[in-house]
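First the structure, in the form of structure tokens, and then the observations on it.
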Amino acid sequence: MVWKMSLQDLLAGTGGTAVSSRATEFAGVGTDTRADLSGRVFFALKGDRFDAHDFLGTAADRGASAIVAHRLPDGAALEELRARTTVVRVEDTLAALQGLGRSWRRKMNARVLGVTGTNGKTTTKEFTAAVLAAKFKVQHSEGSFNNHWGVPLSLLTIGPEHEVAVIEMGMNHPGEIKALAGLAEPDSVAVTMVGRGHLEGVGGIEGVARAKQEIYEFAPAGATMIFNKDNAWTRRMFERWSAGGFRAGRVLAFSEEEGGSDVSLRLVASGADFIRVAGAISGVRGEATVPVFGAHNVNNLMVASCFALDCGMEPAEIWAALPGCRAGWGRNQWVSLAGGGRVLFDAYNANPESMRAALENFSGLRTGGKKIAVIGEMREMGGEASVVHREIGEAAGRAGFDAIYFVGPSSREFTVGVKSSGFSKNIITSDSCEQFLASGTGPVIDRADIVLMKGSRGVRLERILKEWKPLDFQSK
């Protein structure tokens, strides 16, 4: 079902003025003139490299039923645009998009769940949507639509048929989660964990914790708050709530340690393609096998279970729904190669904690062939870049690989770390994916070999993977 928005809704939400009103009903929102915009409202956003105001005519060509802009053409060009589509003038298109997202969220009846965290927020969002879908009509943001424009776009995908919406919130500077919480007005919130991510924008892990804590501080009065008691930084947030620091309508907590928590899950078995968890959900004991890789996903399953409890699912229903959880693109995604061998592609995001978890999980796998690592730069580490790459190099050197490749400008520090571990096998570094591919020094992958490919999204390690002729894999 596609929702319908009236021109009145559009003007009220954006605070804009109708320059023309050729169409008065719309079915969705778009920001990319390369996509089909038929029936949609096109928002002309201005980015760092492109200004969509230069492509208003293209948006009309692509079928946009309305265009929202803060800079319009003059004379005949404007008259032509007015004759083709509804045109709404605003002071600032990003602010207008955010205002529309907030007003639409208020108009819809869905319960909104807000999730943030250094690691696991996107996977937790996917797990939560999968569990809730067993009982409710659920909408969740696509990919990592978690910033100042992604969140309002996600809110605008909520339809009158949806009972629950799961919204991911990211940050790279203080105050961003506060602003996103103000847009989404979530009914239930969680921080998956706090680690060393986006250090460049917040000045250290203490800054990360303060920024993530904003989801509790600025959630609406009466919102449910879900706390991780296993992470030192989120446990402090729980303790702050216990001391009266946050206004919560309801509190749920999770921990791998049983006793005193609403959800307690622990890993009891794992393999390349599954983890098995056991424990208790609201006092009801159970066990579930989930087709995902990596012990770190136990944390994400616990957050999803807490959200499900908050939405009214029974513990037995949650246990039955957990096997339906799946990892998304670029997150512990196994890819088979045409010539044999498999790659664990985990290159959507990377920071020291997620990198260490990937290395530890991968080191426990058994194979009849070689184990190879292709590690990409961890972006946005600021002044900590040298330290964390040396640290991860040492961890990689101890993880049992037969060959290690590194892609990115921190290769020198990474190599120092690898060698400090006593690793004496093959280490090859490149400044970029282009240099890696041009050098012709990539690994020879045999049928029984497995490869860990892990790095930040900006490195785009999938360009290397595509050269290896992967099966059933698409770039993004």
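The values are calculated or read from the model by the stated rules, or taken from the named source; none is laboratory data. Note that the structure is a prediction, hence the values are computed from the model and not measured. Cβ placement follows ideal geometry from the backbone for every residue including glycine, while neighbour counts extend to all protein chains displayed.
The residue list Val444, Val407, Val374, Val388 contains one member that is surrounded by fewer than 17 Cβ atoms within 10 Å (Cβ to Cβ) and among the β-branched types (Val, Ile, Thr), which is Val444.
Across the stretch 194-217, the qualifying residues are those that are in contact with a His (Cβ under 9 Å, 6 or more places away or on another chain) and closer than 24 Å to Val166 by Cβ, and the one among them that is modelled with the highest pLDDT is Ala211. Apart from one condition, Val138 fits all of (1) among the aliphatic types (A, V, I, L, M); (2) under 13 Å from Phe307 (Cβ atoms); (3) surrounded by fewer than 20 Cβ atoms within 10 Å (Cβ to Cβ); the exception is (3).
Filtering the stretch 34-60 to residues that are closer than 18 Å to Ser154 by Cα and in contact with a helix residue (DSSP H, G or I) (Cβ under 8 Å, 6 or more places away or on another chain) leaves Leu37, Val41, Phe42, Phe43, Ala44, Leu45.
Go through the residues of the stretch 350-362 one by one and say whether even a single one is outside the structural domain of Gly197 (by TED's automatic domain parsing), in a loop (DSSP other than H, G, I, E, B) and either crowded, with 21+ Cβ neighbours inside 10 Å or charged (D, E, K, R) (or both). It would help to see each step written out before you state the result.
Taking the stretch 350-362 as the starting set, the residues that turn out to be outside the structural domain of Gly197 (by TED's automatic domain parsing) are 350-362.
Subsequent filtering for residues that are in a loop (DSSP other than H, G, I, E, B) retains 350-351.
Restricting the remaining residues to those that are either crowded, with 21+ Cβ neighbours inside 10 Å or charged (D, E, K, R) (or both) gives 350-351.
Looking for residues that are outside the structural domain of Gly197 (by TED's automatic domain parsing), in a loop (DSSP other than H, G, I, E, B) and either crowded, with 21+ Cβ neighbours inside 10 Å or charged (D, E, K, R) (or both), one finds at least one in the stretch 350-362, hence yes.
Each row is one residue, and each column tells you yes or no for (1) at pLDDT 95 or above; (2) closer than 25 Å to Gly203 by Cβ; (3) in a helix (DSSP H, G or I); (4) not β-branched (Val, Ile, Thr).
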| position | (1), (2), (3), (4) |
| --- | --- |
| Val374 | yes, no, no, no |
| Ala385 | no, yes, yes, yes |
| Arg390 | yes, yes, yes, yes |
| Gly422 | yes, no, no, yes |
| Glu434 | no, no, yes, yes |
| Met453 | yes, no, no, yes |
| Gly458 | no, yes, yes, yes |
| Lys476 | no, no, no, yes |
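The set of residues from the stretch 320-330 being surrounded by 22 or more Cβ atoms within 10 Å (Cβ to Cβ) and either charged (D, E, K, R) or not in a loop (DSSP other than H, G, I, E, B) (or both) comprises just one member, Leu322. Restricting the first member to the stretch 36-50 and to residues that are surrounded by fewer than 17 Cβ atoms within 10 Å (Cβ to Cβ), and the second to residues that are in a loop (DSSP other than H, G, I, E, B) and of a type in the set (Gly, Ala, Ser), the beta-carbon pairs closer than 6 Å and six or more apart or on different chains are Ser38/Gly63. Ser20 passes every criterion in (1) exposed (fewer than 15 other Cβ atoms within 10 Å of the Cβ); (2) more than 23 Å from Ser154 (Cβ to Cβ) apart from (1).
Confirm whether Leu155 is crowded, with 24+ Cβ neighbours inside 10 Å and farther than 20 Å from Ser188 by Cβ.
Working: crowded, with 24+ Cβ neighbours inside 10 Å: yes; farther than 20 Å from Ser188 by Cβ: no.
No, not satisfied.
Of all residues in the stretch 1-17, those satisfying the criterion of being surrounded by fewer than 16 Cβ atoms within 10 Å (Cβ to Cβ) and within 13 Å of Ala96 (Cβ to Cβ) are Ala12, Gly15, Thr17.
Looking across the stretch 102-127, the residues that are hydrophobic (A, V, I, L, M, F, W, C) and out of contact with any helix residue (DSSP H, G or I) (no Cβ under 7 Å at 6 or more places or on another chain) come down to Met108, Ala110. Pairs linking a residue in the stretch 461-476 that is closer than 15 Å to Ser430 by Cβ and without any contact (Cβ under 8 Å) to a residue 40 or more places away in the chain to a residue that is assigned to a loop (DSSP other than H, G, I, E, B) and among the hydroxyl-bearing types (Ser, Thr, Tyr), with Cβ atoms under 8 Å and 6 or more positions apart or on different chains, are Arg463/Ser475. In the stretch 87-117, of all residues being under 15 Å from Arg71 (Cα atoms) and of a type in the set (Val, Ile, Thr), the one that is surrounded by the fewest Cβ atoms within 10 Å (Cβ to Cβ) corresponds to Val90. Scanning the stretch 444-463 for residues that are under 22 Å from the mean Cα position of the chain (by Cα) and of a type in the set (Val, Ile, Thr) returns a single hit, Val459. For the stretch 461-472, the candidate set comprises residues that are surrounded by 18 or more Cβ atoms within 10 Å (Cβ to Cβ) and touching a helix residue (DSSP H, G or I) at 6+ places or on another chain (Cβ under 8 Å); within that set, the residue that is farthest from Arg447 (Cα to Cα) is Leu461.
Residues being in contact with a Lys or Arg (Cβ under 6 Å, 6 or more places away or on another chain) and either without any contact (Cβ under 8 Å) to a residue 12 or more places away in the chain or outside any helix (DSSP H, G or I) (or both): count how many of those fall in the stretch 155-184. Don't jump to the end; show me each part of the working.
Initially, the stretch 155-184 is screened for residues in contact with a Lys or Arg (Cβ under 6 Å, 6 or more places away or on another chain), giving 155, 161-164, 166, 168, 183.
Of the ones still in play, those that are also either without any contact (Cβ under 8 Å) to a residue 12 or more places away in the chain or outside any helix (DSSP H, G or I) (or both) are 161-164, 166, 168.
So the answer is 6.
Pairs are defined by a Cβ separation below 8 Å, a sequence spacing of at least 6 or placement on different chains, a first member in the stretch 224-251 that is more than 21 Å from Asp187 (Cβ to Cβ), and a second member that is part of a helix (DSSP H, G or I); the pairs so defined are Lys229/Arg235; Lys229/Phe238; Asp230/Asn299; Trp233/Ile205; Trp233/Val208; Trp233/Ala209; Trp233/Lys212; Arg236/Ala209.
Is it true that Val131 is of a type in the set (Val, Ile, Thr) and part of a helix (DSSP H, G or I)?
Working: of a type in the set (Val, Ile, Thr): yes; part of a helix (DSSP H, G or I): yes.
Taking the combined requirement at face value, the residue satisfies it.
Take the stretch 59-113 and flag every residue that is in contact with a Ser or Thr (Cβ under 7 Å, 6 or more places away or on another chain) and in a loop (DSSP other than H, G, I, E, B). Selection gives Arg62, Gly63, Ser65, His70, Thr85, Val90. Set side by side, the residues Ser38, Ser65 differ, and just one is farther than 19 Å from Thr17 by Cα and not β-branched (Val, Ile, Thr), which is Ser38.
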